[in-house]
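Worksheet: the structure to be examined is printed underneath.
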Amino acid sequence: MNVGLIVFLTLVALVVVFIIVFYNRLVGLTQRSQEAWSDVDVQLKRRTDLVPNLVETVKGYAAHERGTLDAVTRARSAAATAGGPEARARAENQLTEALRQLFAVAEAYPELKASENFRALQGSLADIEEDVQSSRRYYNAVVRDLNTTVETFPSNMVAAFFRFVKRAYFELERPEDRQVPRVTFGS
């Protein structure tokens, strides 16, 4: 066999191995990002499902705060129907703001703050907020790895050929939203 043919076949084999390795990496990162988004979505759904209980509890003590309660309900509906990281982040930011207003209203009602049901809901919300933050961090880390692989040479050639695309980060719009909402009302 000719040395030139052996070199050529070796190069072809290396290119094929290169394509397979980067393709599999891109598939794995895409799957991990979808799984991570699913985890974020589950945590956000838990949070969204808790909101009606909070609204009903506050409603019993502060029924005349209708505007705030309606704003929370609208924000919850928007968050529940938003799709994709960017739209969901916008909707969740609105829900966070509405919940802050709800808790500000609750601050004016000592009997509400003392309610065992309200305190249990606060604790649940605090736990869920931590889970959301953790899920968001993991999702963004996986998306970072996927986006880096899609953009860097030489894997970007494989990504472009097989139409792998960058994913959006799940980001908060305002710096103050980067803080977990304060949900403790103990004295």
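Descriptive notes on the structure:
- Anchor LYS166: lysines whose Cα lies under 26 Å away (excluding residues fewer than 8 positions away in-chain): LYS45
- Among (i) -0.29, -0.63, -1.00; (ii) -0.61, -0.81, -1.03; (iii) -0.39, -0.66, -0.95, the entry that matches log10 I(q)/I(0) by the Debye sum over Cα atoms at q = 0.08, 0.12, 0.16 Å⁻¹ as calculated here: (iii)
- Take the Cβ atoms of THR148 and HIS64, set R0 to 35 Å, and the FRET efficiency comes out at 0.10.
- In the chain, Cα pairs under 8 Å separated by at least six residues give a relative contact order of 31 percent.
- Given the chain, longest segment not containing exposed loop GluC sites (Glu not before Pro) (DSSP; at most 16 other Cβ within 10 Å): 1-170
- Computing FRET efficiency as 1/(1 + (r/R0)^6) for ASP41 and ALA13, where r is the C-beta to C-beta distance and R0 is 41 Å, gives about 0.45.
- Cα centroid separation - the range 77-132 against the range 1-68, whole Å: 25
- Segment TYR138-GLN101, extension gain: residue separation times 0.36 nm, minus the distance between their alpha carbons: 10.5 nm
- Rounded, prolate or oblate (a/c below 1.5 giving rounded, otherwise prolate when a/b exceeds b/c) for the range 1-78 by Cα gyration tensor: prolate
- By the helix-only formula, in which each DSSP H run with n ≥ 4 contributes -39500 (n - 2.57) and the sum is divided by residues, the chain has a 222 nm mean residue ellipticity of -28000 deg cm²/dmol.
- With both labels modelled 7 Å from their Cα along Cα-to-Cβ, the VAL27 to VAL165 distance reads 2.1 nm.
- Distance between modelled label sites at GLU86 and ASN117, nm, 7 Å Cα→Cβ extension: 4.1
- Coil-residue trypsin sites (Lys or Arg not before Pro) of the range 72-111, DSSP, other Cβ within 10 Å capped at 13: none
Only the coordinates and a few stated rules stand behind these numbers; no lab work does. None of these values were measured; they are calculated from a predicted model. Neighbour counts are summed over all protein chains in view; Cβ atoms, including those assigned to glycine, are modelled from backbone coordinates with ideal geometry.
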